[in-house]
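To start, the structure under review is shown below, and the notes come after it.
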Amino acid sequence: MAHRPLIEVHSIDYVPHAERHGIVRDLWPVWFSGEANLATLAVGVIGVGLGLSMLWTTIAVVGGCALGTFFMAFHSTQGPQLGLPQLIQSRPQFGYLGALLVWVVALIAYIGYNAFNCVLAAQATRVLLWPGAISDGAIIFLFSVTALAMAAVGYDWIHRLQRLFAYFMLLLLGVFTLAAVWFIPMPAALLQLGEFKGIPFLVQFFAAAAYQLSWSIYVSDYSRYLPANVGVASSFWWTYLGAFIGGVWLMLIGTLVAAVSPHPDVAAAVKAAADLVHPWFGAVLLGGGILGLVSITGLNFYGASLTLLSVADCIKPQRAGIKGRIITLLLAFAVSLGLALMSSPNFANRFDELLAVLLYLFTPWTAINLVDFYWVRKCRYSVREIFNPRGIYGRWSWRGLVAYALGFASMIPFFSTSHYKGPIAQLLGGADLAMLIGLPVSAIVYLLACRSLDMQNEWAAVEVADRGLEPETGVT
């Protein structure tokens with residue numbers, strides 16, 4: 001096996017077959033660990049906080065995770081097929097420059113999530129330490145630097161750290177779950193189905209779906225080094241199982257915590273609920289949740305770096321190397337750190353608003369990207385042409401841009417946030433069904449627009465363009 005450097009040298013460039021490594025089951029700990037943090041837990045608090053019963057919240061969480069993870073896991077299968085990061089794959093649908101639209105949306109997600117994670121980490125650390133032990137600013141800085149170091153070493157070390165953390169959290173969460181059954185008193189009312197409340201149910205359902213769907217923008221970043229012969233089914237299921245089990249488990253712990261220990265501060269509620277198991281267990285569980293936040297913040301920094309390099313590639317073609325990754329990591333670090341330091345403590349309590357916005361932004365993209373990959377181009381792309389500004393995919397692809405615009409516009413009447421409620425959402429009493437509208441509209445518009453594509457000619461051009469891409473084997 002070829003020696004692999006300590007710090008990853010690839011960035012947005014193609015990973016040759018000779019450098020592919022790993023096994024497909026390595027995907028489950030990456031996404032289980034990615035879910036095992038306080039931010040995921042906070043998603044499960046939303047329904048109970050809106051007055052939904054614990055059992056109805058549970059149904060909403062499971063259903064929402066099942067829906068969002070379905071789309072997310074299909075994106076994971078693209079990594080081994082193309083050997084490229086997730087977002088650079090948007091160029092065939094939107095064009096060499098048109099993909100900037102998607103990348104700007106992704107950067108909003110990365111920076112928004114990391115600012116939220118920093119604030120939440122500060123809250124949790126304050127709960128663990130005595131008052132005044134360390135300032136929020138210092139906590140946020142140290143937390144961000146630790147996550148930055150994880151992102152800097154890159155793909156292989158991220159996989160190793162995620163595996164170790166997955167086994168630790170499996171043990172910790174397993175002990176807590178079993179102990180909670182015996183030691184946490186459950187009022188009879190909590191175990192009853194109770195009244196169905198449509199609006200809180202839909203808010204919780206789509207919050208869970210949005211949280212899982214938001215992984216889609218970088219999920220194949222962590223499968224792109226796998227051998228090209230990894231099957232679609234295996235990469236889908238190993239990703240799905242890790243993300244779904246981790247997401248549902250953590251969110252339902254959040255639901256339990258919110259039901260038995262109501263508190264406006266998520267971290268304090270977690271500690272109070274876990275202390276019912278044993279006086280010191282709250283600190284252990286909260287500590288694990290903070291480590292999970294470091295993990296996911298590191299993944300976000302890594303994804304933000306790849307996205308910034310993609311943006312820079314539109315201006316000047318980028319060479320693979322450590323220098324560009326470090327520069328873009330520091331830029332992402334500076335912006336998210338600044339936003340976190342400027343945020344008010346109430347920022348962490350508006351998580352449901354952030355999830356709603358991300359759901360609106362990512363729904364059209366995920367529909368277009370998956371339809372193009374599986375139905376239109378049938379997994380057949382030219383790696384070289386993706387990096388060619390005058391190539392077969394064009395600088396601007398009207399098909400993807402129009403489908404995104406119409407898909408997004410179709411959702412606006414269904415938007416439901418504290419700042420804006422669309423006319424149909426108002427008629428439905430505030431119910432947010434935007435995702436259910438945006439997915440089919442974006443997909444159908446894109447499919448109709450692609451009817452004019454001559455795929456036989458394009459695939460012939462792909463074969464010519466990528467000839468010799470794998471000089472050792474001739475595999476394209």
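Summary table below
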quantity: Given (1) within 22 Å of Leu161 (Cα to Cα); (2) hydroxyl-bearing (Ser, Thr, Tyr); (3) in a helix (DSSP H, G or I), number of the condition Ser11 does not satisfy; calculated: (3)
quantity: Every residue from segment 431-447 that is buried (at least 23 other Cβ atoms within 10 Å of the Cβ) and small (Gly, Ala, Ser); calculated: Ala434, Gly438, Ser442
quantity: Segment 381-417: number of residues that are surrounded by fewer than 20 Cβ atoms within 10 Å (Cβ to Cβ), modelled with pLDDT of 95 or more and of a type in the set (Gly, Ala, Ser); calculated: 3
quantity: Residue within segment 17-27 that is part of a helix (DSSP H, G or I), of a type in the set (A, V, I, L, M), over 30 Å from Val260 (Cβ atoms) and in contact with a helix residue (DSSP H, G or I) (Cβ under 9 Å, 6 or more places away or on another chain) present; calculated: yes
quantity: Segment 149-196, residues that are surrounded by 13 or more Cβ atoms within 10 Å (Cβ to Cβ) and among the small types (Gly, Ala, Ser); calculated: Ala149, Ala151, Ala152, Gly154, Ala166, Ala179, Ala180, Gly194
quantity: Any hit, segment 103-118, residues being more than 28 Å from Leu448 (Cα to Cα), in a helix (DSSP H, G or I), under 14 Å from the mean Cα position of the chain (by Cα) and of a type in the set (Ser, Thr, Tyr); calculated: yes
quantity: Filtered residues of segment 425-476 (kept if at pLDDT 95 or above and of a type in the set (Ser, Thr, Tyr)); calculated: Ser442, Tyr446
quantity: Condition check for Val24: crowded, with 24+ Cβ neighbours inside 10 Å, of a type in the set (Val, Ile, Thr) and more than 16 Å from the chain's Cα centre (by Cα); calculated: no
quantity: Residue identified as surrounded by fewer than 24 Cβ atoms within 10 Å (Cβ to Cβ) and of a type in the set (Val, Ile, Thr) among Val219, Val230, Val257, Val270; calculated: Val230
quantity: The lone exception for Trp396 - which of (1) assigned to a helix (DSSP H, G or I); (2) under 19 Å from Val102 (Cβ atoms); (3) in contact (Cβ under 8 Å) with a residue 24 or more places away in the chain it fails; calculated: (1)
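Conditions (1) more than 22 Å from Gln89 (Cα to Cα); (2) in contact with a His (Cβ under 9 Å, 6 or more places away or on another chain), marked per residue:
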residue	(1), (2)
Asp313	no, no
Leu337	yes, no
Val357	yes, no
Asn369	no, yes
Arg377	no, no
Gly391	no, no
Arg399	no, no
Met411	yes, no
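The values are calculated or read from the model by the stated rules, or taken from the named source; none is laboratory data. Keep in mind the model is a prediction, meaning the values are calculated, not measured. No Cβ is skipped: glycine too gets one built from the backbone with ideal geometry, and neighbour counts run over all protein chains shown.
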